[in-house]
Amino acid sequence: MKNTTLSPADLEQFGKELDAIREAEVADLGEKDARYIRRVIKAQRYLALSGRTLLWFGFMPPVAIVTWPLGALALGVAKILENMEIGHNVMHGQYDWMGDARLHSQTYEWDTVCDGDQWRHSHNYMHHTYTNVLEKDRDLGYAILRMDDRQEWRPMFFFQPVWNALLASNFDAGVGLHDVEFEKYWKKEIDTQELLQRLKPFAKKASRVWFKDYILFPLLSGPNFLGVMAGNFVANLIRNFWAYAIIFCGHFPEGTEVFSYTEDQLKGETRGQWYLRQIRGSANITGGKLFHILSGNLSHQVEHHLYPDVPAHRYANMAPKVQAVCEKYGVAYNTGGFFKQLFSVQKKVFRYALPSRRLQAAAA
């Protein structure tokens with residue numbers, strides 16, 4: 001049986017041991033970490049160039065049957081690397097210590113429709129501060145999905161398998177619109193003028209990205225306009241489905257917990273209590289080195305929630321140490337294969353589309 005609570009003394013020591021893991025890694029940061037991120041950036045650029053070249057020039061039969069899919073795939077993988085292993089991690093401040101203005105968390109702007117400043121607020125602040133706390137963490141279902149039976153059921157959730165599919169295929173836009181908080185408009189907490197003001201950063205960023213992918217690069221290809229536009233569309237789909245799968249596998253499989261904490265309880269959290277909440281609300285995905293790189297190392301979601309500003313490629317080294325601390329204190333450490341975790345998430349999507357039995361009994 002795993003513990004969901006620890007004594008104050010154990011919690012303090014638990015926090016200290018997890019702090020020590022972070023301190024050891026941070027003390028070791030140096031040139032090898034700088035080389036790593038620069039190599040990833042270089043690989044991402046080569047992949048993007050290769051993908052766009054194949055899409056631009058590989059349109060004549062019979063080679064197009066091979067070059068077009070390869071081009072779309074290469075560009076899709078390049079977008080995955082840029083968004084997950086580079087953009088997401090750089091914007092968490094994992095490489096601020098390098099002093100490289102191109103890799104600074106507050107100025108980096110990634111290749112996605114999500115505005116950087118809005119993401120830094122909705123993700124870095126809101127999600128990482130209030131991880132899995134009901135009514136606080138808006139990543140808990142992204143405001144359109146019900147992922148726990150304590151979330152109030154509404155008729156719209158009956159169709160959440162549809163909303164789930166739409167979110168997966170348009171995950172960049174879903175994340176981009178996250179900080180707009182449409183629900184506040186529907187609840188009449190903000191007026192139309194405020195809503196439009198909140199939409200401006202997304203509209204500005206999305207228009208630039210969509211212009212680049214669906215007008216500029218297709219025009220540059222000349223006679224292969226439609227082929228390049230379609231290839232860019234498929235590459236974005238590849239990135240969106242992959243990012244959705246990794247993010248949802250790290251937050252919502254069976255065993256991850258949701259919390260009903262008040263603001264006062266959150267303000268009174270000790271370091272050990274905060275660590276415990278991060279672990280209980282997260283899940284890892286097992287896999288090889290390439291899988292971890294393509295996931296932005298968010299396959300180590302437990303470690304990411306514990307240490308969001310530590311370079312993510314170090315999580316593989318930290319994970320066994322974190323797991324050993326959890327085992328020592330009887331704390332559940334959620335980890336499993338990709339398809340196991342993904343299937344577990346999809347079961348929740350369908351299960352919570354219907355009113356929970358507990359809620360039905362209460363209504364009766």
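No value in this document is a laboratory result; all are computed from the given coordinates. The model shown is predicted, which means the values in this text are computed figures rather than measured ones. Because the Cβ atoms are built from the backbone with ideal geometry, glycine has one as well, and the counts that use them run over all protein chains shown.
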Expected sort for W110, W153 with the fewest Cβ neighbours (10 Å cutoff) up front is W153, W110
When the chain is treated as a Gaussian network with springs between alpha carbons less than 10 Å apart, the largest mean-square fluctuation among A206, A74, A20 is found at A20
Counting other C-beta atoms within 10 Å, which of C326, C249 has the fewest, and how do the rest follow? C326, C249
Can you give the translational diffusion coefficient of the chain in µm²/s, computed by Stokes-Einstein from the Kirkwood radius over Cα pairs at 10 °C and 1.306 mPa s? 73 µm²/s
Go from 0 up to the bin containing the longest alpha carbon distance in segment 32-111, width 10 Å each, and give me the % of pairs per bin. 20, 40, 23, 13, 4, 0
GluC sites (Glu not before Pro) lying in DSSP loop within segment 262-345, provided at most 16 other Cβ fall within 10 Å: E269
What trypsin sites (Lys or Arg not before Pro) in segment 186-286 are in a loop by DSSP, with at most 11 other Cβ atoms within 10 Å of the Cβ? K187, K188
Expressed as a whole number of Å, what is the distance separating the alpha-carbon centroids of segment 251-268 and segment 19-47? 31 Å
With springs only between Cα atoms under 10 Å, which of Q323, Q160, Q197 fluctuates most in a Gaussian network model of the chain? Q197
Segment 32-111, relative contact order in percent, only Cα pairs under 8 angstrom and at least six apart counted: 27 percent
Straight distance only, please: which lysines reach the Cα of K16 with their own Cα at less than 21 Å, same-chain residues fewer than 8 apart left out? K2, K267, K321, K328
Could you pull out the chymotrypsin sites (Phe, Trp or Tyr not before Pro) across segment 24-80 that fall in loop regions by DSSP (anything but H, G, I, E, B) with no more than 12 other Cβ atoms inside 10 Å? none
Relative contact order for the chain, counting Cα pairs under 8 Å that sit 6 or more residues apart, in percent: 25 percent
Give the peptides 310-319, 165-174, 221-230 in descending order of average Cβ contacts within 10 Å, highest first. 310-319, 165-174, 221-230
Where is the GNM fluctuation largest for the chain (alpha-carbon springs, 10 angstrom cutoff): T270, T131, T256? T270
Helix-only estimate, please: 222 nm mean residue ellipticity of the chain, summing -39500 (n - 2.57) across DSSP H runs of length 4 or more and dividing by its residues, to the nearest 500. -17000 deg cm²/dmol
Under 5 Å from the placed amide H of G336, counting only residues 5+ away or on other chains, we find N284, I285, T286
Could you list M98, M84 in order of exposure, starting from the residue whose Cβ has the fewest other Cβ atoms within 10 Å? M98, M84
